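A short worksheet on the structure shown next.
The values are calculated or read from the model by the stated rules, or taken from the named source; none is laboratory data. This one's a predicted model, so the numbers in the text were calculated from it and none came from an experiment. As a convention, Cβ positions derive from the backbone with ideal geometry for all residues, glycine included, and neighbour counts pool all protein chains shown. For the accessible areas, the whole protein counts, side chains as well, though only heavy atoms, and no ligand, DNA or RNA atoms are used. Shrake-Rupley method; radii C 1.70, N 1.55, O 1.52, S 1.80 Å.
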Amino acid sequence: MPPRDLAHLLDALPDGVVVLDRAGCVEQVSAEASRILGLSLDAVVGRPVEKLLGASHAVARLAREALGRGGTSLESECLVPQRFGPALVIEVAAAPLFDGGTTVDGAVLALRDRTLQQQLSHIVSERERLVAFGRIAAGIAHEVKNPLGGIRGAGELLALRAADKKTREAAELIVREADRIGSLVDDLMVFARGDALRIAPVNLYQIL
């Protein structure tokens with residue numbers, strides 16, 4: 001059975017792989033690495049690793065460290081700008097390749113796309129913050145509505161016992177403003193209860 005084609009093996013891996021020669025020039029790029037870098041094999045083969053994302057990028061820096069020191073190195077989070085769309089967050093690992101002895105004969109880079117994982121982590125963090133805010137909202141609502149009920153009740157009594165028009169209007173104003181505050185507190189409780197937003201056409205004039 002003939003040996004398997006190296007390019008097909010690299011393309012089957014979930015991580016992107018870049019193979020460099022001893023001078024730090026690109027020998028092979030897998031399909032996933034091409035996607036991450038936004039570069040095809042034909043565009044980068046034979047070019048120095050610095051031409052991929054720049055000399056200061058972790059990809060070039062770790063590659064040169066592997067070629068120079070002969071050790072494995074890792075950077076857990078760095079950005080890869082994209083021509084269309086937001087930058088990708090990737091993990092980069094670099095390891096030396098040897099000629100059968102102790103002489104470094106090249107290097108291999110592994111690129112792992114962490115963008116989706118980071119986005120999911122941010123979503124989880126955001127939900128945790130909303131849960132915490134919901135607890136605070138529930139506490140505030142409880143502390144506000146209790147005395148608010150007493151203020152509203154006192155306003156109603158004043159309105160009933162008012163001896164003149166101005167006093168009655170002032171008492172009715174207290175009741176209306178207490179109701180308005182109560183409505184705002186109820187809106188705040190959406191965060192505490194986690195109510196789903198119900199989107200529907202409305203008459204904006206009536207709301208205003």
Work from the charge dipole of the chain (Cβ charges, +1 for Lys and Arg, -1 for Asp and Glu, about the Cα centre) and give the residue of Gly150, Val124, Ile181 farthest towards its positive end. Gly150
Would you please report the Å³ per residue occupied by the convex hull of the alpha carbon atoms in the chain? 234
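Using unit Cβ charges (K, R positive; D, E negative) and no other charged atoms, how large, in debye to the nearest 20, is the dipole of the range 33-72 about its Cα centre?
Its charge dipole is roughly 60 debye.
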Once a ≥ b ≥ c are taken as the square roots of the eigenvalues of the Cα gyration tensor of the range 1-105, is the result rounded (a/c under 1.5), prolate (a/b larger than b/c) or oblate (a/b not larger than b/c)? oblate
Most mobile of Gly139, Gly46, Gly24 in a GNM of the chain (Cα contacts under 10 Å): Gly139
For Arg168 and Thr102 in one chain, what is 0.36 nm times their gap in residues minus the Cα-Cα distance, to one decimal in nm? 14.1 nm
Per residue of the range 77-87, in order, report the coupling 6.51 cos²θ - 1.76 cosθ + 1.60 (Karplus, θ = phi - 60°) as ³J(HN,Hα) in whole Hz, putting x for Gly and Pro. 8, 8, 9, 10, x, 10, 5, 10, x, x, 5
Cβ-placed point charges (K, R +1; D, E -1), dipole of the chain about Cα centre in debye, nearest 20: 840
Counting only the heavy atoms of the protein chains, how much of Thr103 is accessible to a 1.4 Å probe, in Å² to the nearest 10? 70
Under a plain spin-label model, where a point goes 7 Å from the Cα along Cα-to-Cβ, how far apart in nm are Ala23 and Ile140? 6.5
Amide proton proximity set for Arg114, modelled H, under 5 Å, gap of 5+: Val89, Ile90, Glu91
Which of Phe98, Phe133, Phe84 ends up with the largest GNM mean-square fluctuation for the chain, with Cα atoms connected below 10 Å? Phe84
How high is the relative contact order of the range 53-208, in percent, with contacts defined as C-alpha pairs under 8 Å that are six or more residues apart? 15
Ranked by accessible surface with a 1.4 Å probe, highest first, in what order do Leu109, Leu160 come? Leu160, Leu109
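If each DSSP helix of 4+ residues adds -39,500 (n - 2.57) and the sum is divided by the residues in the chain, what number results at 222 nm, nearest 500 deg cm²/dmol?
Per the formula, -17500 deg cm²/dmol.
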